[in-house]
Every structure is written in C-alpha cells, then in structure tokens.
1. Once you wrap a convex hull around the alpha carbon atoms of region 302-390, what is its projected area averaged over all directions, in nm²?
2. Using a Debye calculation, one point per C-alpha and no hydration shell, please list log10 I(q)/I(0) for region 339-383 at q = 0.16, 0.20, 0.24, 0.32 Å⁻¹ in order.
3. Pop a pseudo-label 7 angstrom from the Cα along the beta-carbon direction at both V250 and T79 and give the gap in nm to one decimal.
4. Sorting check: for 377-385, 49-57, 396-404, which peptide has the highest mean count of neighbouring beta carbons within 10 Å, and how do the rest follow?
5. Once you list every other residue whose beta carbon is under 14 Å from the beta carbon of E395, what net charge do they have if Lys and Arg are +1 and Asp and Glu are -1?
6. Ignoring ligands, DNA and RNA, how do E350, E98 rank by accessible area with a 1.4 Å probe, largest first?
7. Based on DSSP H runs of at least 4 residues, each adding -39500 (n - 2.57), what is the mean residue ellipticity at 222 nm of the chain after dividing by all its residues, to the nearest 500 deg cm²/dmol?
8. Between [x] 26, 58, 15, 1; [y] 22, 57, 21, 0; [z] 24, 58, 18, 1, which entry matches P(r) over Cα pairs in 20 Å bins from 0, in percent as derived from the coordinates of this structure?
Amino acid sequence: LALASLIFARVRGTGDFEIVELASWIPALGIYYHVGIDGVSALLILMTAVLVPVSILVSWREIDRGVKAFHCLVLLLETGMLGVFAALDLFLFYVFWEAVLIPMIFIIGVWGSGGRIAAAVKFVIFTMVGSVLMLVAIIYMAGATGSFGLLASYAHRFTIPEQLWLFAGFAAAFAIKVPVIGLHTWLPDAHTEAPTAGSVLLAGVLLKMGTYGFMRFAMPLFPAAVAAYSDLFLVLAVTGIVAGALLAMVQPDLKRLIAYSSVSHMGFVMLGLFALERNAVAGAVMQMVNHGLTTGALFLVVGMLYARKKTRMISDFGGTARAMPAIAVAFIFMALSSMGLPGLNNFPGEFLVLLGSFQTRTVLSAIAISGVVLGAAYLLWAVARVFFGPLRHEEERKLSDLLPREYAILLPIALLSVVIGVWPQGLLGKIWRSSDAFIALSRRVEMIAPVRPEGSSVPGSAVREPVQGGAR
C-alpha cells in the first residue's frame with residue numbers, strides 16, 4: 001500500500017507512461033517484461049493496494065481452515081491484478097490475466113459457501129472462453145507486427161477486417177469480465193458463494209480488469225472496430241444499467257442484490273468509455289475506482305452481518321438498526337455513496353459520465369439516468385427492510401455491533417469516499433491527459449498509423465518499443 005501510494009504521488013498525469021521497466025524475457029519470440037504506469041494505471045493500482053489489506057483483515061475470523069493457503073492465494077491474486085494494470089507487452093498481459101483466474105477459482109471453490117463448486121466452475125467456463133479468444137487474437141497480432149509490444153501494435157496498420165475480428169477476440173474476454181449484460185450470469189453466483197474477501201476483490205478489482213482492457217487494449221488498438229461496434233456497446237451499456245437495477249430490486253438475498261448492482265454500475269463505466277467524450281471517459285475511470293471502494297465496502301458490511309446472523313436473506317432481518325446501529329450506519333453511508341449522493345465519491349463520476357455522454361448520445365444518456373433513480377430505489381428499499389421497523393428477532397440484541405477491527409476496515413474507505421466526493425480533482429488531475437490520449441487513439445482514421453495530435457499525447461509516446469531480438 002505504501003509503495004502504491006508513492007507511485008500514485010509520483011505520477012503527474014502527463015498522458016505518457018511515466019514509470020517504466022523493461023527487461024528481456026524471451027527475446028527470440030519478441031517477448032519482454034515491459035510494464036509502465038500512467039495516471040489511469042496508478043489509480044487502479046492504488047485501489048487494488050487498498051482493497052487487498054482490507055480483504056485480509058475481514059477474513060480474520062471468517063477463514064478458519066487452510067489459512068496459510070488462503071493468504072498465499074490472495075497475494076498471488078494481487079500480483080496478477082497489479083500486473084494486468086501495468087503490462088505493456090501483450091504476452092505478459094495475458095500471463096497476468098490468467099494468473100488472476102487460478103487463485104480466484106480456489107478462493108471461491110474452497111472457502112465459499114454451499115454452491116461454491118458450481119459457482120467456481122461457471123466462473124472458469126465463462127472466463128476461459130473469453131481468454132482463449134483473446135489469446136488467438138494476441139498470437140495473430142504478434143505474427144502481423146513481429147512483436148508482442150503494445151506500443152508497436154498501436155502503430156501497426158491493421159486492415160479493417162482484421163480490426164473487426166481482432167477486436168471481437170479481445171472484447172469477448174473483456175465483456176465477460178465487466179460483465180456486459182447477457183454475459184453476466186456467472187457474476188451473481190460467484191459473488192453469492194465467495195467468501196467476503198473474494199466478493200470484495202471480485203467486485204472491487206476483477207471487474208475493472210474488463211473495463212481497463214477495453215480502455216488500454218481493445219479500443220485504442222482497433223479504432224475501425226470502435227466505429228463499427230460502438231452503438232452496440234452503448235446499447236448494451238444502457239441496457240445493463242437499467243436491467244441490472246431492476247434485477248437487483250427483486251433479489252431476496254442481500255449479497256445477490258449488491259452483485260446485481262455491480263452490473264448496473266459497470267454499465268455507467270462502459271457508457272462513458274464508448275461515448276468517447278473527454279468528460280465521459282474521465283468519469284468512467286473515476287467510476288472504476290468509486291465502484292471498487294463503494295461496492296467493496298457494501299460487501300464488507302454484508303459479510304459482517306452474515307458473520308453474526310448466518311443468513312443473508314433480507315426477509316430474515318428487520319429493525320436491525322436497533323440492535324446493531326453502527327453496522328446500520330456503515331451500510332446506509334455506503335448505500336448513499338452507491339446511489340450517487342452529492343458530496344460522496346460516486347456523484348462526480350456518474351455526473352461526468354452522464355454529462356459527457358449526453359453530448360454524443362443524448363437519448364441513451366437520458367435512459368441511463370433512470371438507472372440512478374432505480375439504484376436509489378432498490379438500495380433504500382433494502383435499507384428499509386433490513387434496518388428499520390420493529391426489531392423482528394429479539395435475539396439480535398445479544399449480537400455484537402462493529403468491533404474495533406471492523407471500524408479499522410470501514411473508516412478508511414468511508415474517508416476516501418468523502419475526500420473523492422468533495423475533491424474529485426485529486427483523481428481527475430491524473431486522468432485528463434490519459435483520457436485525451438485514449439480518445440485520440442480510439443478515434444483514429446482507419447488503417448493509418450496513429451499520429452500524435454497537437455496538444456495531446458499518445459500513451460507511452462515517451463517510451464520506445466524494444467526491437468525483437470535484443471533489449472533496449
């Protein structure tokens with residue numbers, strides 16, 4: 001966490017990759033250990049570094065068998081997640097992408113609840129299908145460019161048919177991870193059966209790997225495909241916003257409700273990215289971070305409730321605020337953040353997404369606004385049923401409220417929510433130029449090499465791609 005904070009402080013948000021490491025790995029195949037961090041990467045790396053210690057702390061009592069193995073897997077998972085956000089070599093990116101899959105399978109399948117095996121298998125099947133398609137696309141690109149380097153691929157002149165097919169290969173992997181509506185059915189099961197730490201990291205970080213993949217790889221690499229498919233993905237994004245909220249509203253399980261809310265909230269990120277407007281893209285990046293913090297905290301509180309009541313069914317609660325007022329306050333605070341209350345972190349991100357997308361896709365943006373209203377509806381209804389009214393079960397009075405360790409887990413996230421909500425410029429200052437560079441790459445005229453536009457910078461333009469057969 002300290003190292004991630006230093007990296008975040010050092011990155012100035014120039015739009016280039018400011019912290020770069022390059023080492024020869026398999027030079028005969030043009031594969032290098034090439035990593036770089038810009039403003040977007042720095043934000044997501046810092047968010048990951050915040051959520052991993054939180055996940056470990058919340059597992060203090062929950063994980064009571066195979067403790068060493070569990071924590072080894074969490075650290076392996078963190079390594080993969082950080083690598084995904086920093087990799088500038090396509091082969092290296094794929095290695096990190098797959099490295100995330102293995103520990104999460106075991107976290108769900110070994111330490112999850114009743115239906116954990118089925119949930120883990122479903123997660124594997126969905127993820128592997130997308131990963132195989134992306135691997136095929138990566139191998140084809142390496143053959144065409146003579147390198148696995150991302151920066152070399154940015155500059156390569158792929159034909160329009162090549163762009164359409166290659167984009168489809170990458171988009172399949174990323175859309176499953178987001179997840180885009182229609183490919184989301186693995187998510188509620190994985191969230192419901194995973195231990196609390198697994199749910200926090202799944203919602204907080206793994207879903208962002210999908211949207212980050214679109215932003216760093218699929219869209220800037222294949223601008224012709226973006227022009228061809230953007231309307232489809234915008235419709236899917238808005239459909240996900242509305243459908244995810246409606247599905248959340250009818251869930252009887254509190255954890256499943258939060259899981260479906262992720263489908264809705266990630267729709268805003270996809271809307272912002274494919275709108276290709278400066279405010280919308282910056283808001284989408286902010287929402288990646290905001291959703292990670294807020295939804296991660298909601299899963300934390302649900303896990304705390306489950307540890308005391310051994311149930312997540314909303315019908316088993318009622319008037320819980322009378323017995324556990326601090327837990328009620330924590331859930332309500334994060335619910336207000338999730339529904340975009342001004343002054344908390346989700347408001348500036350959603351506002352920028354809607355502001356920017358309204359300028360390019362007015363009708364779809366107007367429909368997306370209904371997702372904000374529905375989000376407030378299902379969260380407030382859940383709060384009313386779980387925490388208010390007469391105390392339904394008197395035995396709840398004997399249950400403990402928030403423990404000191406749990407305060408230590410939730411208070412930093414609550415503080416970050418307030419800081420981001422009141423001072424969003426702290427994040428936006430790192431994002432603007434990377435957003436400009438992403439838009440410039442994704443809006444390129446088809447079949448020409450990217451030209452650095454006046455007044456903006458192409459990501460990594462300050463970094464030379466290594467030549468095949470030797471290190472820089």
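1. For region 302-390, the mean projected area of the Cα convex hull comes to 6.5 nm².
2. -0.45, -0.66, -0.85, -1.09
3. 4.4
4. Ranked by mean Cβ neighbours within 10 Å, highest first: 49-57, 377-385, 396-404.
5. +4
6. The most accessible residue leads, giving E98, E350.
7. About -23000 deg cm²/dmol.
8. Computing P(r) over Cα pairs in 20 Å bins from 0, in percent and matching it to [x] 26, 58, 15, 1; [y] 22, 57, 21, 0; [z] 24, 58, 18, 1 gives [x].
The values are calculated or read from the model by the stated rules, or taken from the named source; none is laboratory data. In this text, all values refer to a predicted model and were calculated from it rather than measured experimentally. In this analysis, Cβ positions are derived from the backbone assuming ideal geometry, glycine residues included, and neighbour counts consider all displayed protein chains. Quick note on the areas: whole protein, heavy atoms, side chains included, nothing else; ligands and nucleic acids left out. Shrake-Rupley method; radii C 1.70, N 1.55, O 1.52, S 1.80 Å.
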